[in-house]
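To start, the structure itself, in structure tokens.
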Amino acid sequence: MQLKRVVVTGLGALTPIGNNIEEYWKALVNGVSGAAPIECFDAAKFKTRFACELKNFKVNDFIDRKEARRMDRFTQYAIVASDEAIADSNLDLEKINKLRVGVIWGAGIGGLETFQNEAMNFGAGDGTPRFNPFFIPKMIADIAPGHISIKNGFMGPNYTTVSACASSANAMIDALNYIRLGTCDVIVTGGSEAAVTEAGVGGFNAMKALSERNDSAATASRPFDAQRDGFVLGEGAGAIVLEEYEHAKARGAKIYAEVIGGGMSSDAYHMTAPHPEGIGVIAVMKNCLENAGINPEDVDHINTHGTSTPLGDVAELKAISEVFGDHAKNININSTKSMTGHLLGAAGAIESIASILAMQHGIVPPTINHENIDENINPELNLTLNKPQKRDIKVAMSNTFGFGGHNACVAFKKLDD
């Protein structure tokens with residue numbers, strides 16, 4: 001069976017450094033940090049008192065007030081980003097076969113704020129079960145693609161992938177394969193997350209995963225730096241319209257890139273810690289290369305998982321050296337989490353978008369906040385430190401890993417007609 005080609009025809013982003021694609025790209029190239037003191041709740045008693053929240057975002061500018069109240073923030077973010085991506089794709093919603101248009105979305109946690117607030121309200125009461133009738137449909141992780149499909153009438157495959165921080169990368173790989181196999185013509189994919197809440201920050205603090213650099217929030221996310229002390233929690237959404245190549249070409253669609261492969265693996269090692277030798281990460285990149293039908297020497301750019309944790313960054317870079325050998329030093333490696341923080345289930349989507357835009361513009365965004373050399377990291381690797389670098393990128397890869405040992409890797413290529 002001949003697999004169909006899959007291309008990217010629409011992008012949408014709602015991030016801590018930009019509320020649309022144009023703002024997001026400009027901030028990436030300029031090395032803007034999205035980290036700042038938390039505003040959505042009083043974090044005075046928390047070990048970490050900062051995060052990468054959205055800036056100047058008013059949901060009612062995009063969604064009717066009544067409708068918005070029936071959605072958790074992670075769903076609101078999904079609607080806004082997907083609306084931008086669908087508009088960007090220039091799909092004619094009156095003409096396309098909506099039975100062949102799906103929505104496959106990623107969310108690592110889902111409606112955490114809704115669950116937290118309902119539980120706290122119940123606990124503060126007298127035991128009488130008074131719950132909002134929208135509690136469950138606001139909270140469940142699969143509701144975001146449900147809302148996207150309802151709004152647009154898309155009747156193809158519709159579900160959420162949940163694999164912690166790898167969720168939206170897994171969603172993209174599923175979407176890729178459905179189109180490859182001829183099941184769909186178009187799939188809206190990506191991910192969203194809204195975990196900057198008391199429960200989210202407190203929970204990650206309890207497991208010592210977050211940076212506690214409260215005196216310098218803007219520089220706290222520092223992947224590959226010797227003084228990194230944990231990730232910075234982020235929020236937002238990324239949306240990507242994937243389309244079968246001939247379908248896109250027939251309607252004269254703008255094409256950003258071709259999606260040529262995806263790899264998946266498991267560390268099978270620990271609930272939260274990466275394998276110290278990066279065995280699962282080695283496997284996922286090799287799987288992706290094989291699935292894409294390319295050689296290690298073909299890769300020009302890797303947007304790493306690069307969360308700014310002491311163990312994770314080293315393990316991932318060791319794995320890159322193992323997979324790519326001498327070619328590793330020729331690859332532009334970066335971590336855009338240094339700017340956006342870690343968007344958990346949405347990370348794979350917004351980082352894939354960053355790679356696609358880097359390919360389109362010929363510029364690799366920097367890994368910011370690097371000050372101190374880590375002697376455990378190979379100094380020959382080009383980590384694109386502190387300044388963007390011009391680069392003709394023909395093939396880019398994006399790595400995303402999640403608690404539980406979930407690993408996903410997606411590969412993109414400049415379109416070959």
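The values are calculated or read from the model by the stated rules, or taken from the named source; none is laboratory data. Source: prediction; values computed, not measured. With ideal geometry, Cβ positions are generated from the backbone for all residues, glycine too; neighbour counts draw on all protein chains shown. Surface accessibility is based on the protein's heavy atoms, side chains included, excluding ligands, DNA and RNA. Shrake-Rupley method; radii C 1.70, N 1.55, O 1.52, S 1.80 Å.
Observations, loosely collected:
- Once Rg and the Kirkwood radius are both taken over the C-alpha atoms of segment 231-367, their ratio Rg/Rh works out to 0.97.
- Size-normalised alpha-carbon gyration radius of segment 288-360, reference 2.2 N^0.38 Å: 1.12
- About the Cα centre, charge dipole magnitude for segment 98-176 (Lys/Arg +1, Asp/Glu -1 at Cβ), debye: 340 debye
- Each part gets one Cα centre, and for segment 243-320 versus segment 177-200 those centres are 16 Å apart.
- Rounded accessible area of residue 180 (nearest 10 Å², 1.4 Å probe): 20 Å²
- Sorted peptide list for 54-66, 330-342, 298-310, criterion being average Cβ within 10 angstrom, highest first: 330-342, 298-310, 54-66
- Fluctuation leader among 184, 165, 40 - the chain, Gaussian network, Cα springs under 10 angstrom: 40
- The structure shown yields log10 I(q)/I(0) by the Debye sum over Cα atoms at q = 0.07, 0.11, 0.14 Å⁻¹, and of the options [x] -0.29, -0.74, -1.21; [y] -0.66, -1.06, -1.31; [z] -0.33, -0.82, -1.30 that calculated value carries the label [x].
- Orphan Cys of the chain, criterion: no other Cys C-beta under 4.7 Å: 40, 52, 165, 184
- The chain - percent of accessible surface contributed by carbon and sulfur, probe 1.4 Å: 51 percent
- Applied to segment 197-202, the Karplus parametrisation 6.51 cos²θ - 1.76 cosθ + 1.60 on θ = phi - 60° returns per-residue 3J(HN,Hα) values of 9, 4, 5, x, 5, x Hz, with x for Gly and Pro.
- For residue 53, the amide hydrogen comes within under 5 Å of the amide hydrogens of 36, counting only partners 5 or more places away or on other chains and with H modelled in the peptide plane.
- Cα-based shape type of segment 171-211, given that a ≥ b ≥ c are square roots of the gyration tensor eigenvalues and the cut on a/c is 1.5: prolate
- Solvent-accessible area per residue, Å², over the chain with all protein chains present [probe radius 1.4 Å]: 40 Å²
- From phi via Karplus (6.51, -1.76, 1.60), per-residue ³J(HN,Hα) for segment 32-48 in Hz, x at Gly/Pro: 7, 8, x, 7, 6, x, 5, 10, 7, 7, 7, 9, 4, 9, 8, 5, 10
- Peptide ranges 208-215, 259-266 listed from the most packed, as the mean C-beta count within 10 angstrom indicates: 259-266, 208-215
- Annotation: amide H of residue 110 within the under-5 Å range of 194, sequence separation 5 or more or interchain, hydrogens built in the peptide plane.
- 136, 86, ranked by accessible area, largest first (probe 1.4 Å): 136, 86
- Only protein heavy atoms count here; under a 1.4 Å probe, residue 254 has an accessible surface of about 90 Å².
- Distance between the pseudo-spin-label points of residue 311 and residue 382 (7 Å out from Cα toward the beta carbon): 3.2 nm.
- Distance between modelled label sites at residue 246 and residue 87, nm, 7 Å Cα→Cβ extension: 3.3 nm
- 24 Å Cα-Cα reach of residue 4 towards lysines, excluding residues that sit fewer than 8 places from it in its own chain: 95, 98, 249, 254, 286, 394, 413, 414
- MRE, 222 nm, helices only [DSSP H, n ≥ 4, -39500 (n - 2.57), over the chain, to nearest 500]: -9500 deg cm²/dmol
- Taking all Cα-Cα distances within segment 34-84, those exceeding 17 Å account for 47%.
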